[in-house]
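Here is the structure we will look at, set down as structure tokens.
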Amino acid sequence: MPDDATPDPYAHPLVFGQRMQILRTRRGLSRPVLAGLLGRSPSWVKQVENGAINTPSLPMILRVAEVLRVSNLADLTGDRTMTADLFTGPGHRLLPAVKEAVNAFPVRSDREPTPVTHLRHRLDRAWSARHAAARHREVVGDLLPDLIRDAQCGARAAETSAERRAMQAILSEVYSLAQFFVAYQPDSSLLWRVAERGMVAAQESEDPHAIGIAGWLTVQAHRGAGQFDAADTVNAETLRFLGALLPDASNEVRAVAGALHFEAGYTAARRGESGAAWRQWDTARTVARSLPPGYYHPVTSFSTAVMSAHAVTVAVELHAGPESAKQVARADGDLIPSRPRRARHRIEEARAYQLDGQPDVALATLAKAHEAAPETIAYNGYARRIVLEETGSRSPERRRRAGELAVKLGGLAA
């Protein structure tokens, strides 16, 4: 390794502050930005990184891990006994079957091609089943292998250019459904394979809705990997493509454009850019209000109900405790018809309560998330972080409640 290269925090026994500095730099965050996201001063960050302040408490370690998107605490602390994997959930029992269907991608198939209208009907039913099911990964994972194979077969067997484009749009959306299933599972290469194939199929389809959804999910994949610049680039390019079509676009395309505006705001919030985050949120809210009353996009969940949930997310990502709690009071999660999306909102509410110094309410809210969709909370790193933090609480009652949740989540039970 060249002398001027950034050292690898995992290859040498570096102290906590050195690891934090390296990981902060890799995320592209300045000391003042990291300090703001942690609710500390830039001088505190500098002192930790220089070793003037020793390793902070577990709650602060967990907050640093959250901001820097460090999936495994051992990567930050250097202590291999602290191996809690915060941002990757357990591997679902149906993951191998889905992976096999994705990886097979045969040139020829003995399967009888399925008509595009039939595939469209099955895909719509799969989205509806996902929104209605508490254990949505179980439902989706059971449907995906045949959907993937039939969509691939249909795209190959199409005889006309119009039919081929329609089949490619279906195939792209099937990969989008697969991305929901694969996300936060221990196979990042499969996630990227699904995302890339979904984008390619969408481009082949020339369908604005399919392209918008593929772009929306690719933005999330980049941001989840800490690639904020790549996320912004994909977001801007997709919005630029859709922008010229919006005057005559369907509600579905307009909804995807609105969802992309929020994603731009989400990424800005992750960077600590408050003004840009709220401006994009406001643009997305304007789009949501322009859609028919009660409209709910089946893939992105974009709607007026979700916009209030998104406001909680923006405030939480900016680590604004009082503002987060204020946005929770304004939101009504019961209006979100999708169980997994409602559970995700409950987790964001719990994060807001934790930031606002209300850990008991945060744990109670996570219990509501588990009731709505156990598989959402089991795979959510933020929920796992809160539970792990509260298992070390000084309050015996809070430790007990956190322990019960940890057992339900499975991965933190030990």
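Quick note: the coordinates plus some simple rules give every number you see, no bench work behind them. Computed from a predicted structure; not experimentally measured. Cβ atoms come from the backbone with ideal geometry, glycine included; neighbour counts cover every protein chain shown.
For this structure, a couple of remarks:
- Between ARG93 and GLU237, the contour length at 0.36 nm per residue exceeds the alpha carbon distance by 48.2 nm.
- Since only VAL48, HIS222, ALA257 are under comparison, the one whose Cα sits farthest along the positive direction of the charge dipole of the chain, derived from C-beta charges on Lys, Arg, Asp and Glu, is VAL48.
- The slack in the chain from ASP229 to ALA52, taken as 0.36 nm per residue of separation less the alpha-carbon distance, amounts to 60.5 nm.
- Each Lys and Arg adds +1 at its Cβ and each Asp and Glu adds -1 at its Cβ; summed about the Cα centre, the chain shows a dipole of about 840 debye.
- Net length gained if the chain between ARG135 and SER41 were fully extended (0.36 nm per residue, minus Cα distance): 29.6 nm
- Nonlocal amide H pairs with THR114, under 5 Å, H built at 1.01 Å: GLY154
- Environment charge of LYS46, counting only residues whose C-beta is closer than 12 Å and scoring Lys/Arg +1, Asp/Glu -1: +2
- Derived scalar couplings between HN and Hα for the stretch 366-378 equal 5, 5, 5, 4, 5, 5, 6, 7, x, 6, 6, 6, 5 Hz in order, rounded to whole Hz, by the Karplus curve 6.51 cos²θ - 1.76 cosθ + 1.60 (θ = phi - 60°), x for Gly and Pro.
- Selection among LEU335, LEU363, GLY321 by position relative to the dipole of the stretch 315-365 gives LEU335 as farthest towards the positive end (Cβ unit charges, Cα centre).
- Relative protection proxy for 390-400, 39-49, from highest mean packing down: 39-49, 390-400 (other beta-carbon atoms within 10 angstrom).
- Partner aspartates and glutamates whose Cα lies under 14 Å from the Cα of LYS368, excluding those fewer than 8 positions away in the same chain, are identified as ASP332, ASP334, GLU348, GLU349, ASP360, GLU404.
- With the helix formula -39500 (n - 2.57) applied to DSSP H stretches of n ≥ 4, the chain reaches a computed 222 nm mean residue ellipticity of -22500 deg cm²/dmol.
- Other residues with beta-carbon under 11 Å from the beta-carbon of ASP334 carry, at +1 per Lys or Arg and -1 per Asp or Glu, a net charge of +2.
- Annotation: amide H-H contacts under 5 Å for ASN72 (H modelled 1.01 Å from N, sequence separation of 5 or more, or interchain): LEU86.
- Estimated FRET transfer efficiency (ALA244, ARG156; beta-carbon r; R0 30 Å; 0.05): 0.45
- Principal-axis tilt of helix 116-132 within the chain, Cα atoms, nearest 10 degrees: 30
- Degrees, to the nearest 10: 304-317 long Cα axis against longest axis of the chain: 30
- Between the Cα long axis of helix 136-157 and the first principal axis of the chain there is an angle of about 40°, rounded to the nearest 10.
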